[in-house]
Amino acid sequence: MSHRIAAPDVCLSRRRFFALGVAGGAATVFPDWPAGAAEPLRSRAIPVSGEQLPVIGLGTSIVFDVGDDAAQRRERRAVLQTLFDGGGRLIDTAPSYASAENVVGDLLAEMGARSRTFVATKVRATDRASAQAEMQQSLRRLHSDKLDLMQLHNVGTSDRDTAAQIAQLREWKQAGICRYFGITHYVDEAHERLVAVMRREKPDFIQVNYSLADRSVEERLLPAARDAGAAVLINLPFGRGKLFSAVRGKELPVWAAEFDAASWGQFFLKFILAHEAVTCVIPGTDKPVYMIDNLQAGRGRLPDAALRKRMVDFYAALA
């Protein structure tokens, strides 16, 4: 579905969408856009199991680090409810995200929503006992006796340590503590390391940075993930805000309607989702209206190869 305002040849920009949405809510901006009754959210299979996972999830770094602030917790709860109402399931967090993991766990418990949530967290302790303690702490914070995905956080450079850490993740999976295990990083310099570990260890998931502003994963890492049978989670899909800065004050091109992008956020997310190796994108957000906009990227058409090249060229001309 493509939404337009005013001039018929200009799609709604994310900035204008937010301005209108904050003032009146998404239903006011788009009366035909109900949160729970829209086109179903696209999903993709986790290669190792065939389980379907909605393509838009939620990252919690920084945005869910709100401690005990009641007002901010209510707003984050509304974000979670919007995710669920829109067909999303995956929430990614970590012990290192300050209070975020605890906030996620408390809110899911309050909402009675743990059973419908795909919860992913991380462990980064290098020795066995510390990793076990960190995992137990995550279970307590998340009010759960098992996790959907446990990830080795920011894979290190020691083959010996990495092998031992992944062996422990495999043990947790066999014991039923987690259903899947994976590896993560968020900087370009780690990509070759991830490729090597992925080829050797065959994790169920990898999590990496990828955006229209940073496409370095396309050449080797994403093909390697496909070959290894790993599901792919994408962090930093907006390049830490770099993409929005590049288009500030600009309207979407008319041809964005060819793949049903009605905002800049959808434009950027659909570029990522059009890559066949990507399983789920996890943008972080602290506003329900942003969550609605992100979810809409998982509906409608995606750009084909020719349109993706046009998007790359378009961004290159702005950057």
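The numbers here are math on the coordinates, done by the rules we state, and not lab data. Treat the numbers as computed from the prediction; the structure is a model and nothing was measured. FYI the Cβ positions are ideal-geometry reconstructions off the backbone, even for glycines, and counts take in every protein chain you see.
Observations on the structure shown:
- A helix-only calculation puts the chain at -12500 deg cm²/dmol for mean residue ellipticity at 222 nm, using -39500 (n - 2.57) for each DSSP H run of at least four residues, averaged over all residues.
- Between GLY284 and GLY59, the built amide H atoms are under 5 Å apart, and every one of these is 5 or more places off in sequence or on another chain.
- You can think of it this way: the chain between ARG248 and ALA175 has 21.3 nm of extra reach, that is 0.36 nm per residue less the Cα-Cα gap.
- Neighbour-count order for GLU134, GLU189, GLU218, fewest beta carbons within 10 angstrom listed first: GLU189, GLU218, GLU134
- Counted by neighbouring Cβ atoms within 10 Å, the residues ILE46, ILE177 run from fewest to most as ILE177, ILE46.
- Using θ = phi - 60° and Karplus 6.51 cos²θ - 1.76 cosθ + 1.60, couplings along the stretch 259-268 (whole Hz; Gly, Pro as x): 10, 6, 8, 10, 7, 5, x, 5, 4, 5
- Residue order, fewest to most beta carbons within 10 Å, for ASP313, ASP92: ASP313, ASP92
- Mean-square fluctuations from a GNM of the chain, with a 10 angstrom spring cutoff on Cα atoms, peak among ALA224, ALA167, ALA262 at ALA167.
- Percent RCO, i.e. relative contact order, over the chain, from Cα pairs under 8 Å lying at least 6 residues apart: 23
- Distance between the stretch 62-111 and the stretch 121-166 - C-alpha centres, whole angstrom: 21
- Check: the chain dipole with +1 on Lys, Arg Cβ and -1 on Asp, Glu Cβ, in debye: 160
- Whole-Hz couplings from phi, Karplus 6.51/-1.76/1.60, listed for the stretch 167-180; x for Gly and Pro: 4, 5, 4, 4, 4, 5, 5, 5, 7, x, 6, 9, 8, 9
- What you get for the stretch 192-319, charging only the Cβ of Lys and Arg (+1) and of Asp and Glu (-1), is a dipole of about 180 debye around the Cα centre.
- Percent antiparallel among DSSP beta bridges (both partners in the stretch 43-318, rounded to 5): 15
- If you run the Gaussian network model on the chain, springs between alpha carbon atoms under 10 Å, then out of ALA277, ALA230, ALA305 the most flexible one is ALA305.
- For the stretch 224-231, Karplus couplings with θ = phi - 60° (6.51, -1.76, 1.60), whole Hz, Gly/Pro x: 5, 5, 4, 5, 7, x, 9, 5
- Restricting attention to the chain, lysine pairs at least eight places apart or on different chains and with alpha-carbon atoms under 21 angstrom apart total 13.
- 5 angstrom amide H check on TYR180, placed H, neighbours 5+ away: LEU149, MET150
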